[in-house]
Amino acid sequence: MLRKISTDKAPAAIGPYSQGIIVNGMLFASGQIPINPATGEITGTDIAAQADQVCRNIGALLAEAGTDYTKVVKTTCFLADMGDFGAFNEVYASYFTEKPARSCVAVKTLPKNVLCEVEVIAEV
């Protein structure tokens, strides 16, 4: 059985998708960008500020699903500029302390021209 995850503590979906889906004890969360859910605005202009907001949004989805960062098994990280890799990693490492499996790629453009997006898969 699929269970949709939805919380106002993370940005609302800006398209035809769910914030997350739980199936067979696993959360598959949609990619998060640095939108402040309270204002609907992009947070920050540098990678550190944007990565921090992305991670806070992920934390809200994890909490709504009844799990946390320690149960994340896989992340996929998208960067607008691989030159931001080091600064992104500093923020990322402060949240994902259990070092889940990860892919990190540079992409041509992200939604709303943000600097990063992260999606997670976590045990619930």
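A search for C-beta distances below 6 Å between a residue of the range 102-124 that is modelled with pLDDT under 95 and any residue that is of a type outside the set (Ser, Thr, Tyr) and outside any strand (DSSP E or B), counting only pairs 6+ apart in sequence or on different chains, returns PRO111/ILE33.
Every test in (1) open to solvent by 30 Å² or more (accessible area, probe 1.4 Å); (2) within 21 Å of ILE5 (Cα to Cα); (3) in a helix (DSSP H, G or I); (4) of a type in the set (Gly, Ala, Ser) is passed by ALA60 save one, and that test is (1). Of all the criteria given as (1) farther than 17 Å from VAL120 by Cβ; (2) open to solvent by 40 Å² or more (accessible area, probe 1.4 Å); (3) part of a helix (DSSP H, G or I), the one not satisfied by ASP8 is (3). Filtering the range 24-52 to residues that are assigned to a helix (DSSP H, G or I), small (Gly, Ala, Ser) and buried (at least 17 other Cβ atoms within 10 Å of the Cβ) leaves only ALA51.
Scanning the range 74-90 for any residue that is of a type in the set (Lys, Arg), at pLDDT 95 or above and under 22 Å from VAL23 (Cβ atoms) turns up at least one such residue.
Once the range 44-78 is narrowed to residues that are of a type in the set (Val, Ile, Thr) and in contact with a strand residue (DSSP E or B) (Cβ under 8 Å, 6 or more places away or on another chain), the residue that is nearest to VAL124 (Cα to Cα) is THR67.
Can you tell me which residue within the range 76-124, out of those that are closer than 20 Å to LEU27 by Cα, assigned to a loop (DSSP other than H, G, I, E, B) and not hydroxyl-bearing (Ser, Thr, Tyr), is most open to solvent (accessible area, probe 1.4 Å)? Walk me through it before giving the result.
Step one: filter the range 76-124 for residues closer than 20 Å to LEU27 by Cα, giving 76-78, 92, 95-104, 117-124.
In the following step, the residues that additionally are assigned to a loop (DSSP other than H, G, I, E, B) were identified as 96-100, 124.
Those left that are additionally not hydroxyl-bearing (Ser, Thr, Tyr): 96, 98-100, 124.
On the way: PHE96: 5, GLU98: 114, LYS99: 171, PRO100: 22, VAL124: 70 Å².
In this case the residue turns out to be LYS99.
If you go through the range 97-124 and keep only what is closer than 19 Å to GLN19 by Cβ and hydrophobic (A, V, I, L, M, F, W, C), you end up with LEU110, VAL114, CYS116, VAL118, VAL120, ILE121, ALA122, VAL124.
The values are calculated or read from the model by the stated rules, or taken from the named source; none is laboratory data. Computed from a predicted structure; not experimentally measured. Note that each Cβ is placed from the backbone with ideal geometry, even for glycine, and that neighbours are counted across all protein chains shown. Ligands, DNA and RNA are stripped out before the accessible areas are found, and what is left, the full protein with its side chains, is counted by its heavy atoms. Shrake-Rupley method; radii C 1.70, N 1.55, O 1.52, S 1.80 Å.
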